[in-house]
Amino acid sequence: MLGFDPAKPYNDLPPLPPKQGLETKPVLKLCIEARAALAALKQVGESIPNQAVLINTLPLLEAQASSEIENIVTTTDKLFRFADNPGNQADAATREALRYRTALNNGYQSLKKRPLSTAIAVEVCRTIKGTNLDIRRVPGTKLVNDRTQEVIYTPPEGEALLRDKLANWERFLHEAEELDPLIRMAVGHYQFEAIHPFTDGNGRTGRVLNILFLVDKKLLDIPVLYLSRYIIQHKADYYGLLLDVTRKNDWEKWLLYMLDGVRNTADWTAAKIRATRQLLEETVNFVRVREPSIYSRELVEQLFIQPYCRIGNLVDAGVGHRETVSKYLKTLCDTGVLEEQKVGREKLFVNPRFLRLLTADSNEYKPFARSA
């Protein structure tokens with residue numbers, strides 16, 4: 001953009017909406033496809049009787065990928081193992097990624113009381129970082145190329161200016177109703193990242209806000225879109241296209257990227273949920289036939305809500321007393337539904353088919369042996 005200097009604070013970041021037209025023919029065509037994919041995802045999500053199966057698992061995949069974008073690397077195995085109790089055993093990266101999941105879920109609960117706002121963004125970032133931070137007050141924040149250390153962008157400075165730009169961002173999200181919500185999400189994401197209101201955690205906060213906005217506008221019922229999967233697969237494009245909006249005012253390519261991401265990950269997530277439902281029902285039927293003396297649907301569903309299950313999880317869920325639950329879990333290990341692991345002095349009961357299904361690109365899983 002004429003006059004843009006990456007080494008100087010971009011205090012002249014234009015307010016929203018952009019002056020140029022956004023709804024070009026390619027953008028509108030892809031927007032329709034992305035909306036259809038989201039509608040299908042919303043419908044298939046409703047097919048899982050116990051929504052906790054989705055809320056407890058898919059956001060962990062999003063947390064792992066969104067954190068990896070910022071080079072905070074952990075594994076999905078660690079996230080599921082420590083999801084219920086990170087304690088002091090989980091490493092720092094795993095704890096930080098788990099805080100992302102908490103921020104997403106807390107933001108989702110906040111939407112039941114108020115629309116998406118700057119205040120929710122602050123809460124999200126505080127949760128992700130685990131500190132009581134607020135909008136930036138001091139200068140000196142710069143974005144640099146990790147390889148060359150070249151300054152590629154300097155965000156606006158001054159708390160009053162940042163709050164003014166965030167107020168404009170918030171109004172745009174909720175008042176620019178002439179634009180499709182998906183286009184508002186993509187434009188709003190660029191603007192939030194360009195404002196860069198926090199000293200750290202802006203990227204992850206912005207990606208949480210994307211999903212919360214889709215929930216806020218009723219395009220999703222629950223926050224299960226795995227959008228960071230697409231971004232981590234196309235990470236260079238993500239950062240390059242964000243910069244191209246700033247440098248060249250190239251909105252169309254950025255919008256097409258984000259809309260393709262929504263369409264792609266909505267399709268992927270819907271297919272994963274269908275496979276989850278199928279595996280859940282197959283497990284229900286297998287346990288009911290093979291071990292009728294211990295069977296209850298609540299028992300099996302808990303193995304999907306907590307793929308790394310502890311005895312205490314089942315006790316807390318009301319499945320049975322500790323001695324009874326312990327017997328149930330041992331029986332399920334004997335029949336091949338679960339695998340027992342020892343982590344320190346703690347016993348964990350792993351649902352291996354579900355974990356492999358969640359973390360694999362394919363939706364295939366090993367069938368249960370039907371003979372006694």
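Whenever a residue of the stretch 349-367 is more than 18 Å from Asn264 (Cβ to Cβ), its partners that are among the aromatic types (Phe, Trp, Tyr), lying with C-beta atoms within less than 6 angstrom and at least six residues away or across chains, give the pairs Val350/Tyr308; Arg353/Tyr365; Phe354/Phe304; Leu357/Tyr365.
Selection within the stretch 124-136: residues that are surrounded by fewer than 17 Cβ atoms within 10 Å (Cβ to Cβ) and in contact (Cβ under 8 Å) with a residue 12 or more places away in the chain. The member of this set that is nearest to the chain's Cα centre (by Cα) is Gly130.
If we scan the stretch 94-111, do we find a residue that is touching a Lys or Arg at 6+ places or on another chain (Cβ under 6 Å) and surrounded by fewer than 21 Cβ atoms within 10 Å (Cβ to Cβ)? No: the stretch 94-111 contains no residue that is touching a Lys or Arg at 6+ places or on another chain (Cβ under 6 Å) and surrounded by fewer than 21 Cβ atoms within 10 Å (Cβ to Cβ).
Among the residues of the stretch 47-67, is any of a type in the set (Val, Ile, Thr) and not in a helix (DSSP H, G or I)? Write out each step before concluding.
The initial filter retains those residues of the stretch 47-67 that are of a type in the set (Val, Ile, Thr), namely 48, 53, 55, 57.
Checking the rest, the ones that are also not in a helix (DSSP H, G or I) come to 48, 57.
Yes - at least one qualifying residue is present in the stretch 47-67.
In this structure, is Pro139 assigned to a loop (DSSP other than H, G, I, E, B) and more than 21 Å from the chain's Cα centre (by Cα)?
Working: assigned to a loop (DSSP other than H, G, I, E, B): yes; more than 21 Å from the chain's Cα centre (by Cα): yes.
So Pro139 fits the description; yes.
Hey, any hits in the stretch 337-344 for a residue that's over 22 Å from Asn85 (Cβ atoms) and not assigned by TED's automatic domain parsing to the domain that holds Pro59? For the stretch 337-344, residues over 22 Å from Asn85 (Cβ atoms) and not assigned by TED's automatic domain parsing to the domain that holds Pro59: present. Only one entry of Ala160, Ala167, Ala186 meets the criterion of being over 19 Å from Pro17 (Cα atoms), modelled with pLDDT of 95 or more, out of contact with any His (no Cβ under 6 Å at 6 or more places or on another chain) and assigned to a helix (DSSP H, G or I), and that entry is Ala160. Selection of first residues in the stretch 267-283 that are more than 14 Å from Lys42 (Cβ to Cβ) and in a helix (DSSP H, G or I) and of second residues that are among the basic types (Lys, Arg) and at pLDDT below 95, restricted to Cβ pairs under 7 Å at least 6 apart or on distinct chains, gives the following pairs, ordered by first then second residue: Trp268/Arg229.
The values are calculated or read from the model by the stated rules, or taken from the named source; none is laboratory data. Fair warning: this is a prediction, and the values are worked out from it, not measured in the lab. FYI the Cβ positions are ideal-geometry reconstructions off the backbone, even for glycines, and counts take in every protein chain you see.
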